[in-house]
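Worksheet: one structure, shown below.
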Amino acid sequence: MNTRSIRFRLIGLYAGLLVLVMLLFGGYMHMQLDHFLRLLLQAKLELRTQQIVHDILPEVPKRGEAFVGEEIEKRFAPEISDRLVRITWDGGKMLYLSGAPNERSFVPEEVPPLGASPVQAFTREQALPGRSAILISTLPASVAGHDYVVEVGTSLAASNNVLRGLLLSLTAGLPVLTGLAIFGGYVLMKRAMKPVQDIIVSAQDITLHNLSRRLPVTDTGDEIAEMSKVLNQMIARLDESFQHVTRFTADASHELRTPLTVIHCELEAILRNPKLDVDLREALGSLLDEVVRLVRIVEGLFALSKLDAGQARSERVRFDLAKLAETTAEQMCLLAEVKHIALTCETHEPVEVEGDHSRLKQVIVNLLDNAIKYTPERGKISLTVRSENGSALLEIADSGPGVSESALPHLFKRFYRADEAHSRDVEGAGLGLSIVESICTAHGGTIAISNRIPTGCLAAVQLPRAK
Ligand SMILES: Nc1ncnc2c1ncn2[C@@H]1O[C@H](COP(=O)(O)OP(=O)(O)O)[C@@H](O)[C@H]1O
Ligand SMILES: [Mg+2]
């Protein structure tokens with residue numbers, strides 16, 4: 001998984017935020033519940049203290065001390081309802097103390113007495129060692145000449161249990177909810193990012209050779225659809241400018257061909273004149289050389305512009321590449337012989353390919369031309385054609401000096417010539433390999449140039465075999 005993808009980052013952010021919100025919400029709920037439970041208990045306890053003070057204590061002079069206990073047990077049943085009731089009078093003497101509650105949540109005798117007599121009503125939380133704390137409301141009162149302190153309390157165990165339960169369900173629910181949210185986010189993001197993925201895949205396929213293709217546009221009307229539309233408009237503009245440049249190069253080279261051919265012929269005709277002055281002949285001779293060079297450049301440019309315009313594969317016929325290699329090698333044998341180079345062609349079986357016969361012949365011509373040009377006299381060139389793993393492989397190996405490592409990555413650039421020093425006295429415009437590459441690519445194939453050990457160059461063309 002790509003941790004830098006928008007999908008991953010958004011889900012991460014969203015899950016992080018969700019956990020934070022849930023933690024804050026859980027914490028807030030816990031706090032509020034704690035607060036309300038306490039308020040509720042406190043209100044009940046205060047009510048009891050008041051009831052005792054108003055209903056029971058005024059009867060003490062008439063009915064005696066025992067009446068307090070009887071009446072409290074009858075009306076409030078503190079043991080059953082898990083309450084503590086403690087009444088002291090006249091400076092701390094115990095008037096009544098309730099019994100141990102049925103739930104054993106505290107022992108009444110263990111609840112520490114108040115230090116000093118309180119002046120007004122208040123509620124406190126009394127910690128008990130080894131047990132839940134108890135909440136106690138205290139009400140001091142003077143009734144019929146006696147000073148009473150009434151305390152009514154209840155254990156916080158029950159409300160603590162409620163709070164603990166809430167905490168537990170929050171803790172258990174958090175990972176489940178987060179997991180669900182991440183899963184939901186993943187599914188949603190995957191669906192949302194699908195058009196982007198489609199655009200990436202389509203954009204990767206668009207090259208200079210198929211600028212007429214366009215990116216998919218979703219009909220969602222969202223930002224992604226808008227982006228595809230804008231990118232498509234940009235590709236259309238690029239296509240138009242590219243076509244413009246190609247057309248211009250094609251027109252320019254086409255227009256230049258005729259006058260150059262005329263100059264070429266005229267110069268040759270003039271040079272045939274035997275009465276020509278020596279100096280003039282020399283000058284015209286070098287002029288002719290330059291014109292020949294110019295013709296070659298213009299021819300190369302014209303060929304490239306046609307390839308750029310998508311004519312690298314105008315016909316689609318099935319033929320034997322091995323046979324084509326043999327006949328081409330035979331035709332170029334003379335060139336090799338001039339330099340006493342041994343040119344051999346090795347083919348063992350027919351290797352059928354499908355494509356443009358004359359363009360693929362051009363590939364072999366350009367590569368053989370390079371091999372012959374850059375291999376010194378009495379060198380060796382071997383051409384082999386074979387099929388390997390379902391593709392056709394054409395290799396041209398020479399015994400020349402090879403190419404410097406720094407030049408290797410640039411060989412297919414237009415007008416690039418490696419090692420200027422040694423290329424200078426060899427004719428060429430640096431367009432041959434660009435043409436080869438264009439044709440190979442248009443046929444769904446590849447071309448690679450590498451150095452041989454100990455010396456020499458190897459040009460390897462790979463083409464898909466005919467089905
Ligand atoms: N067989 C080879 N041996 C050595 N160098 C080569 C060979 N083939 C190509 N090169 C280098 O690659 C450069 C580009 O080749 P190419 O495009 O055919 O241009 P050109 O042949 O017109 O110089 C050449 O200038 C040359 O430096
Ligand atoms: Mg060349």
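Quick look at the numbers
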{"quantity": "Of the criteria (1) surrounded by 11 or more Cβ atoms within 10 Å (Cβ to Cβ); (2) part of a helix (DSSP H, G or I), which one SER286 fails", "calculated": "(1)"}
{"quantity": "Residue among ARG124, ARG86 that is closer than 22 Å to LEU47 by Cα, under 60 Å from the mean Cα position of the chain (by Cα) and at pLDDT 90 or above", "calculated": "ARG124"}
{"quantity": "Index of the failed condition, GLU79 passing every other in (1) surrounded by fewer than 16 Cβ atoms within 10 Å (Cβ to Cβ); (2) outside any helix (DSSP H, G or I)", "calculated": "(1)"}
{"quantity": "Within segment 367-467, strands (runs of 3 or more DSSP E) holding 1 or more residues that are touching a Gly at 6+ places or on another chain (Cβ under 8 Å) and crowded, with 22+ Cβ neighbours inside 10 Å", "calculated": "391-398, 457-464"}
{"quantity": "Filter result for the condition that a residue is surrounded by 15 or more Cβ atoms within 10 Å (Cβ to Cβ), farther than 29 Å from VAL292 by Cα and not polar (S, T, N, Q), over MET234, MET227", "calculated": "MET227"}
{"quantity": "Residue in segment 309-324 that is within 16 Å of ligand 2 (Cβ to nearest atom), of a type outside the set (Lys, Arg) and at pLDDT 95 or above present", "calculated": "no"}
{"quantity": "Filtered residues of segment 425-450 (kept if within 9 Å of ligand 1 (Cβ to nearest atom) and either farther than 24 Å from GLU352 by Cβ or of a type in the set (S, T, N, Q) (or both))", "calculated": "VAL426, GLU427, GLY428, ALA429, GLY430, LEU431, GLY432, LEU433, SER434, ILE449"}
{"quantity": "Lone unmet requirement of (1) within 14 Å of ligand 1 (Cβ to nearest atom); (2) in contact with a Pro (Cβ under 9 Å, 6 or more places away or on another chain); (3) at pLDDT 95 or above for ASN366", "calculated": "(2)"}
{"quantity": "Near pairs, Cβ below 7 angstrom, 6+ apart or cross-chain, from segment 354-377 (in the same structural domain as GLY400 (by TED's automatic domain parsing) and among the polar types (S, T, N, Q)) to any residue that is assigned to a loop (DSSP other than H, G, I, E, B) and within 11 Å of ligand 1 (Cβ to nearest atom)", "calculated": "THR375/SER399; THR375/GLY400"}
{"quantity": "Pick from segment 373-418, criterion farther than 15 Å from ILE449 by Cα and charged (D, E, K, R), ranking: farthest from ligand 1 (Cβ to nearest atom)", "calculated": "GLU388"}
{"quantity": "Check on GLY444, of a type outside the set (Ser, Thr, Tyr), within 16 Å of ligand 2 (Cβ to nearest atom) and in contact with a strand residue (DSSP E or B) (Cβ under 9 Å, 6 or more places away or on another chain)", "calculated": "no"}
{"quantity": "Odd one out for LEU114, checked against (1) assigned to a helix (DSSP H, G or I); (2) surrounded by 14 or more Cβ atoms within 10 Å (Cβ to Cβ); (3) not acidic (Asp, Glu)", "calculated": "(1)"}
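Results for (1) part of a helix (DSSP H, G or I); (2) in contact (Cβ under 8 Å) with a residue 24 or more places away in the chain, shown as yes or no for each residue.
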residue: LYS74; (1), (2): yes, no
residue: ILE87; (1), (2): no, yes
residue: ASN102; (1), (2): no, no
residue: SER137; (1), (2): no, yes
residue: VAL150; (1), (2): no, yes
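The values are calculated or read from the model by the stated rules, or taken from the named source; none is laboratory data. Predicted model, so just to flag it, every value in this text is computed and none were measured. Here the Cβ is made from the backbone with ideal geometry for all residues, glycine too, and neighbour counts use every protein chain on show.
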